[in-house]
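Novice: The structure is given below, and queries will be raised subsequently.
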Amino acid sequence: MKGIITIILLLGLHATATADALKGLAAKDQLLNTGNCPTCDLSGVDLSGHDLKGANLAGANLSGANLRNTSLRGANLQGAAMLRLNLSDTPLAGANLKDADMSDLDIDMVFEYVEIIGTQLEGARFKYGVVCGPPPNKGGWGCQHL
């Protein structure tokens, strides 16, 4: 009896994982076809190498997604969950990252080799309690430890 219950539980978990993966693929298709996927769950989805310039991803869950070599220039990522990301070679110039949660990413490491000119960071949260405020008048990111 115990073995049967274990098998039933495992099948249920597998069905849930499969359904979640299918939702992620549907959201990816929506994003790639329309450039519009606000509040979509794209967690763990491979978006590497895609051109997502100007995409609307406001409030989306991108945690664990692979964004390596993905253009997010001018994208709306306001309020997006962006944890456990690979942002290598990911241009973010002009993107809206206001209130984005990147609280496990070190701002100095993330943006060291990433194009961020004109990126809006107000309210974005990074590792070590770094939160960004309005951009300063004389350059810089306007981010500080709280």
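Novice: If we scan segment 86-100, do we find a residue that is free of Cβ contacts under 8 Å to residues at least 12 places away in the same chain and either outside any loop (DSSP other than H, G, I, E, B) or farther than 19 Å from Asn33 by Cα (or both)?
Specialist: No - not one qualifying residue is present in segment 86-100.
Novice: Which ones in segment 57-85 are under 12 Å from the mean Cα position of the chain (by Cα), among the polar types (S, T, N, Q) and part of a strand (DSSP E or B)?
Specialist: Of everything in segment 57-85, those that are under 12 Å from the mean Cα position of the chain (by Cα), among the polar types (S, T, N, Q) and part of a strand (DSSP E or B) turn out to be Asn61, Asn66, Asn76.
Novice: Is it the case that some residue within segment 56-68 is modelled with pLDDT of 95 or more and charged (D, E, K, R)?
Specialist: no
Novice: If a residue has to be of a type in the set (A, V, I, L, M, F, W, C), under 21 Å from Pro38 (Cβ atoms) and part of a loop (DSSP other than H, G, I, E, B) to count, how many in segment 101-139 make the cut? It would help to see each step written out before you state the result.
Specialist: Initially, segment 101-139 is screened for residues of a type in the set (A, V, I, L, M, F, W, C), giving 102, 105, 107, 109-111, 114, 116-117, 121, 124, 126, 130-132.
With the extra rule that they be under 21 Å from Pro38 (Cβ atoms), the set shrinks to 102, 121, 124.
Going one step further and asking which of them are part of a loop (DSSP other than H, G, I, E, B), we end up with 121, 124.
Result for segment 101-139: 2.
Novice: Is segment 6-21 home to any residue that is within 30 Å of Asn96 (Cα to Cα) and either at pLDDT below 95 or loosely packed, with under 14 Cβ neighbours inside 10 Å (or both)?
Specialist: Taking segment 6-21 and keeping what is within 30 Å of Asn96 (Cα to Cα), we get 20-21.
Still in the running and either at pLDDT below 95 or loosely packed, with under 14 Cβ neighbours inside 10 Å (or both): 20-21.
Looking for residues that are within 30 Å of Asn96 (Cα to Cα) and either at pLDDT below 95 or loosely packed, with under 14 Cβ neighbours inside 10 Å (or both), one finds at least one in segment 6-21, hence yes.
Novice: List, please: which pairs have Cβ atoms under 6 Å, are six or more places apart or on different chains, and start with a residue in segment 118-146 that is closer than 17 Å to Asn76 by Cα and end with one that is among the polar types (S, T, N, Q) and not in a helix (DSSP H, G or I)?
Specialist: Gln120/Asn96; Arg125/Ser103
The values are calculated or read from the model by the stated rules, or taken from the named source; none is laboratory data. Quick caveat: nothing in here was measured; it's all calculated off a predicted structure. All Cβ positions, even for glycine, are placed from backbone atoms using ideal geometry, and neighbour counts span all protein chains on display.
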